[in-house]
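So the structure is just underneath, and the comments pick up after that.
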Amino acid sequence: MFGLVATIGVVAQPAAAHGQLAVSVPAKDSTVGAPMEKLELYFTEKPAYNAYFAVVSPSGRRLDGQWSHGEPKRLDEPVRELFLINGTWEPKLFETGFPAMVPVGYWPEQGVYTVKYVSRASDGELVKGEVRFSYDGKIGKAPAGWKAPDSEPDPALLVEPSAVPSPGVQPGAETQASQGPQLVQPTSLFSQPAPVAAEESSGSDGGFVVWLIPAVLVGGVLILLVSTARRPANKIR
């Protein structure tokens, strides 16, 4: 169906990875004899919206333009992928290829070109690889205003789904909980002493003085009354 298509996955060799590259135009390890405006990479499912593609010349120059999704097409040979269902690996055949169209700015030299790709399958698995092919066609110059891209893969593509915190769980919360209660430090250099400490201090010293004064006064009154009662009465002459 495709003139320069290589089937990456075949029925005889099942692959566990999902969303894998099925075929490419030009084919892997093939030879291209004339400039191509775009390269086509067909996957077993639609590439992620933030998928990354790069076309690199033999000397390391980036030549790719902004990629886009293309029209799905039927594969010449179905691709087999394995899915774990109830503890058993079950095969599934994919007969449709979902393309990523990658424009090529120009062809500056002959030699081995490399197409690199990074994406994420719908089940979260990383889809990453490259396709190499040779070019021996006509050499061209960069078009007017051409600027080589310097983009890198979206960091979100490289983060494993298991590393993303669960909804509602703050990072580090589990670690803090496992460490037990934390000591709360004063939030200001001018924090006043705790009120409990002040009450304990006044109760140990000031309370004794408060009770001592009435006791002395009562004792003095009693002594005065006793001495008065014992004094002999004056005789009347």
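The values are calculated or read from the model by the stated rules, or taken from the named source; none is laboratory data. All of these numbers come straight from a predicted model, not from anything done at the bench. Counting neighbours? That spans all protein chains shown, and the Cβs are built from the backbone with ideal geometry, glycine included. The protein model used for the area step is the full one, side chains on, heavy atoms only, and it has no ligands, DNA or RNA in it. Shrake-Rupley method; radii C 1.70, N 1.55, O 1.52, S 1.80 Å.
Listed residues 151, 119; which is assigned to a strand (DSSP E or B), under 29 Å from the mean Cα position of the chain (by Cα) and in contact (Cβ under 8 Å) with a residue 40 or more places away in the chain?
Working: 151 fails: assigned to a strand (DSSP E or B).
Only one candidate qualifies: 119.
Sort out which residues of the stretch 120-142 are open to solvent by less than 50 Å² (accessible area, probe 1.4 Å) and farther than 19 Å from residue 62 by Cα, and write them in order of number.
Listed by number, the residues that qualify are 120, 121, 124, 127.
Checking residue 69 against (1) open to solvent by 70 Å² or more (accessible area, probe 1.4 Å); (2) of a type outside the set (Lys, Arg); (3) farther than 17 Å from residue 23 by Cα, which test does it fail?
So the condition that residue 69 fails would be (3).
Is there a residue being surrounded by fewer than 20 Cβ atoms within 10 Å (Cβ to Cβ), over 31 Å from the mean Cα position of the chain (by Cα), modelled with pLDDT under 95 and aliphatic (A, V, I, L, M) anywhere in the stretch 31-39?
no
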